[in-house]
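Comments concern the structure below.
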Amino acid sequence: MVWVELGITLVKIALMFFVVLTLVAYLTLAERRVSAFIQDRLGPNRVGPFGLLQPLADGVKFIFKEDLIPSHVNKPFFIAAPAFALVTALIALAVVPIGKGFDTTLFGLLSAPIFVKLQIADLNVGILYVLAIGSLSVYGVVLGGWASNSKYSFLGGLRGAAQMISYELAMGLSIIGVIAWTGSLRLEDIIEAQSKCWFAIPQILGCIVFLAAAFAETNRLPFDMPEAEPEIVAGYHTEYSSMKFAMFFMAEYTHMIVVSCLVVALFFGGWYPLPFGGWFGIDIDKYWFLPPIVFIGKVLAFLFFFIWVRFTLPRFRYDQVMNLGWKVLFPIAVANLIIVSIAILVLQNYGYLKA
């Protein structure tokens with residue numbers, strides 16, 4: 001059975017890579033089409049029906065473009081930085097559950113059914129794993145900026161590090177309320193705790209702080225300080241070209257997917273479709289394919305939200321970004337933790353919540 005479980009895990013890893021990288025490719029198309037719609041333009045519509053083959057054309061273009069490495073860079077770190085950024089983004093998805101799982105005999109090959117979880121690794125400290133890997137992702141930005149041996153690139157890398165430190169604290173504190181409420185660091189337990197009420201309702205402050213910090217952590221507008229083109233050309237990836245340049249953007253879109261999965265799992269009920277109530281009496285153990293549909297649908301909705309915000313809000317100044325992180329979001333996250341702690345004590349005292 002060990003070999004069977006190993007084979008299933010390898011299949012899940014391959015599927016995860018294929019689905020995520022395909023979604024990343026089409027997120028680039030979605031971003032361009034949504035921005036065109038917002039700005040009353042057409043966007044890419046020539047390559048394939050409705051422009052659906054545009055990501056393929058872009059990929060081929062990046063592969064065949066000349067890969068320039070300036071003479072003044074620190075070559076080993078310059079090459080490693082984009083790969084580090086992409087790999088840390090991808091492996092963070094290993095613990096994200098998209099459904100409850102199902103029993104299978106692998107088309108009759110097994111004598112007894114085996115339960116297949118819809119996640120690669122079921123860790124009892126899943127949320128800590130995601131936060132730890134997410135903290136490492138900034139090293140790709142810092143390494144890329146430092147190794148480029150360019151003032152603009154280096155400034156972008158420093159901005160990325162400062163921004164990560166500022167918003168990581170607020171993000172972590174906003175999650176502690178959820179962990180305290182559920183008493184578990186396992187993502188599946190957190191989702192199951194929302195079967196009767198999404199955490200976005202009782203912990204609305206924590207949800208808002210997490211969303212704002214998530215935009216900063218992924219370096220998306222209005223928090224794209226590490227690559228603000230009016231100020232520092234293109235920031236940490238100014239000196240990059242060809243597939244190395246593309247890998248930084250693949251990492252950014254993969255981080256968007258990771259953060260969207262976390263928002264759905266922590267605050268918006270995971271695979272539970274209604275804010276108050278379960279599954280309309282449907283047996284989701286029998287209809288195991290329904291929870292992944294709901295979970296993925298919510299993730300796609302938040303990916304659209306990321307794109308929508310980018311083309312709605314203007315970029316902040318750097319001092320405004322730092323002030324928002326330290327003087328607004330951090331105090332709100334602390335206040336939310338105090339409020340949630342008091343609420344948990346009161347609910348436990350009256351028997352509405354298990355101690």
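Observations
- Taking the criterion of being under 16 Å from F302 (Cβ atoms) and either touching a His at 6+ places or on another chain (Cβ under 8 Å) or part of a helix (DSSP H, G or I) (or both), the residues of the stretch 210-232 that qualify are F210, L211, A212, A213, A214, F215, A216, E217, T218.
- Look at (1) farther than 24 Å from A212 by Cα; (2) not in a helix (DSSP H, G or I) and you find that P273 fails only one, number (1).
- In the stretch 333-345, the residues that are in a helix (DSSP H, G or I) reach residues that are β-branched (V, I, T) and modelled with pLDDT of 90 or more with C-beta atoms within less than 7 angstrom, at least six apart or across chains, in these pairs: A333/V209; N336/V209; L337/I176.
- Only one of the numbered conditions (1) in contact (Cβ under 8 Å) with a residue 12 or more places away in the chain; (2) over 26 Å from F302 (Cα atoms); (3) loosely packed, with under 14 Cβ neighbours inside 10 Å is violated by V60, and that is (1).
- G206 vs. criteria touching a Gly at 6+ places or on another chain (Cβ under 7 Å), of a type in the set (G, A, S), crowded, with 18+ Cβ neighbours inside 10 Å and modelled with pLDDT under 90: no
- Screening the candidates F210, F289, F268 for the property of being touching a strand residue (DSSP E or B) at 6+ places or on another chain (Cβ under 9 Å) and over 26 Å from D58 (Cβ atoms) yields one hit, F289.
- Candidate set from the stretch 270-298 (those that are surrounded by 22 or more Cβ atoms within 10 Å (Cβ to Cβ) and touching a helix residue (DSSP H, G or I) at 6+ places or on another chain (Cβ under 7 Å)); member that is modelled with the highest pLDDT: F295
- Listed by first and then second residue, the pairs with beta-carbon distance under 6 Å, at least 6 apart or on different chains, first residue in the stretch 299-319 and in contact (Cβ under 8 Å) with a residue 60 or more places away in the chain and at negative phi, second of a type in the set (D, E) and surrounded by 18 or more Cβ atoms within 10 Å (Cβ to Cβ), are I307/E31.
The values are calculated or read from the model by the stated rules, or taken from the named source; none is laboratory data. Fair warning: this is a prediction, and the values are worked out from it, not measured in the lab. Cβ atoms come from the backbone with ideal geometry, glycine included; neighbour counts cover every protein chain shown.
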